[in-house]
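S.K.: The structure under discussion is supplied below as structure tokens; questions concerning it will follow.
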Amino acid sequence: MREETRGGLTVRLTGGEDREGGGEGPAVVLLHGFGAPGDDLVPLWRVIDVPEAVRFVFPEGPLALDANWPKARAWWMLDLERLMSSQTPVRNVRVTPPGLADARERLQTALLELETSLNLSPHRMILGGFSQGAMLACDVVLRSPQSYAGLIILSGTLIARDDWEALPPARKGLPVFQSHGTRDPLLPFDMAQELRDLFTVHGLAVEWHEFEGGHEIPYHVLTQLGTFIRRTFQIS
């Protein structure tokens, strides 16, 4: 693994010819969820079955949840006290989270620098993530002036609906891998279905994987994800 700074974000690179992000292969960029360590998803590159040429990039969220807990990172802050005290999940999908725009700008800057350093263009990159990272990936892919090769949504949900509803037509045909647990206690299953349906109606090619479980990434989902990546990049 190689660690460097891009656009002010710590970025970890794996895979590729040297197993540190080297070579000329396509890349999968995965963003961790709220409160996870910045390297939370890095081990996945050894589990997802793809050719060695595929490179993996794991950006770290810019925000620390607490000065005494610096390894817990976030892309934008959440009102944890409100979430913990609420008896029902927040379901206002039209709300644009405060901090989303700043997170998007930071990640876009990092991605632009990575395009240069890795000799990549968006059409050879799949962008995705888990939970909050999946939401940010959706926002960046939908707003990008260039088309990405694909989008990965692992236990994500619908936010900023008014904005996202206006954007998907430009992404018609985009391959999307979406997975969600039917018993997810944090991001309800039906809201993930609503996101899937929104994208499907607007012509995105959503590959839907539901599983009996919670807010997690089961092994069999990673197996299916490997197949999705190989098919999207047209490699075996």
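S.K.: Considering each residue of region 131-156, count those that are among the hydroxyl-bearing types (Ser, Thr, Tyr) and within 11 Å of the chain's Cα centre (by Cα), and give that number.
M.R.: Count: 2.
S.K.: I'd like the full set of residues that are in a helix (DSSP H, G or I) and modelled with pLDDT of 95 or more, limited to region 39-84.
M.R.: Within region 39-84, Val42, Pro43, Leu44, Trp45, Arg46 qualify.
S.K.: Between a first residue in region 10-39 that is more than 21 Å from Thr109 (Cα to Cα) and a second residue that is assigned to a strand (DSSP E or B) and of a type in the set (Phe, Trp, Tyr), which pairs have beta carbons less than 6 Å apart while being 6 or more apart in sequence or on different chains?
M.R.: Gly15/Phe56
S.K.: Which residue pairs have Cβ atoms closer than 7 Å, lie 6 or more positions apart in sequence or on different chains, and pair a first residue in region 210-236 that is surrounded by 14 or more Cβ atoms within 10 Å (Cβ to Cβ) with a second residue that is assigned to a helix (DSSP H, G or I)?
M.R.: If the second residue must be assigned to a helix (DSSP H, G or I), the pairs left are Phe211/Val221; Leu222/Leu44.
S.K.: Residues in region 159-188 that are at pLDDT 95 or above, surrounded by fewer than 15 Cβ atoms within 10 Å (Cβ to Cβ) and not charged (D, E, K, R): how many?
M.R.: So the count comes out to 2.
S.K.: Going through Gly156, Gly203 one at a time, which residue ends up being of a type in the set (Gly, Ala, Ser), touching a helix residue (DSSP H, G or I) at 6+ places or on another chain (Cβ under 9 Å) and surrounded by 15 or more Cβ atoms within 10 Å (Cβ to Cβ)?
M.R.: Residue meeting the stated conditions: Gly156.
The values are calculated or read from the model by the stated rules, or taken from the named source; none is laboratory data. Values in this document were obtained by computation on a predicted structure and should not be read as measured data. Positions of Cβ are backbone-derived with ideal geometry, glycine not excepted, and every protein chain shown enters the neighbour counts.
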